[in-house]
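Read through the structure below, which is laid out as structure tokens, and then see the notes.
The values are calculated or read from the model by the stated rules, or taken from the named source; none is laboratory data. What you are looking at is a predicted structure, and each value in this text was computed from that prediction instead of being measured. We place every Cβ from the backbone using ideal geometry, glycine too, and count neighbours over all the protein chains shown.
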């Protein structure tokens, strides 16, 4: 079983990994998608998680793997039908994640009206940092997300640009799923996503909160 680790040493077995798609307008536009009326929800298995200095392994059935740097939210207390006003009280910590996406596979599946699971949930598809305790972070809508590949910055955006902010995401998800300690929420990616290939080194960071380096095998 894989654990999510807080920087204070506390650990939670990872449960559900719930992801929000199309949560930044510029990213929606760069992929030519429509702005959704409600959060777009998908999931990744806990088996997709890797941590700092581990290797991404792109499946043989894809030739176009993309990086998507995201704010990750670790749930610390159980909740169902959580109000927006109380949503952040359920957060144990904040970290940074890379939502790896097999773009060619995803595009073909979407054309055929099929689920995205094999494009989003393969082994190593969710590099995940340690989490800084929520009490040490402050406002999650005032954070910077940066992702560089081989030292070149590709993504540099603010969580203030989210269509659906963190508290709203938690509240919405809790109407569908009971949120349990150890659940992880990926909150969407800003613009600048792009391909990674064998040998690339990725650095994802939220300054003052989390930092994560991984390589592509």
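A few remarks follow.
- Of all residues assigned to the stretch 54-64, at least one qualifies as being assigned to a strand (DSSP E or B), within 25 Å of residue 215 (Cα to Cα) and touching a residue at least 12 places away in the same chain (Cβ under 8 Å).
- Residue that is under 13 Å from the mean Cα position of the chain (by Cα), over 18 Å from residue 130 (Cα atoms) and modelled with pLDDT under 95, where the choices are 29, 22: 22
- Residue among 153, 91 that alone is buried (at least 16 other Cβ atoms within 10 Å of the Cβ) and at pLDDT 95 or above: 91
- Considering residues of the stretch 186-205 that are in a strand (DSSP E or B) and crowded, with 21+ Cβ neighbours inside 10 Å only, the residue nearest to the chain's Cα centre (by Cα): 186
- Taking the stretch 94-116 as the range and being surrounded by 15 or more Cβ atoms within 10 Å (Cβ to Cβ) and either under 30 Å from residue 12 (Cα atoms) or touching a strand residue (DSSP E or B) at 6+ places or on another chain (Cβ under 7 Å) (or both) as the test, the residues that pass are 94, 95, 96, 97, 98, 99, 100, 101, 102, 103, 116.
- Single residue of 140, 127 found to be in a strand (DSSP E or B) and either within 18 Å of residue 95 (Cβ to Cβ) or in contact (Cβ under 8 Å) with a residue 60 or more places away in the chain (or both): 127
- Filtered residues of the stretch 90-106 (kept if assigned to a strand (DSSP E or B), more than 11 Å from residue 118 (Cα to Cα) and touching a helix residue (DSSP H, G or I) at 6+ places or on another chain (Cβ under 7 Å)): 91, 92, 93, 94
- Pick from the stretch 61-77, criterion under 20 Å from the mean Cα position of the chain (by Cα) and more than 18 Å from residue 19 (Cα to Cα), ranking: surrounded by the most Cβ atoms within 10 Å (Cβ to Cβ): 64
- For the stretch 3-15, the set of residues classified as within 18 Å of the chain's Cα centre (by Cα), part of a loop (DSSP other than H, G, I, E, B) and surrounded by fewer than 19 Cβ atoms within 10 Å (Cβ to Cβ) consists of 15 only.
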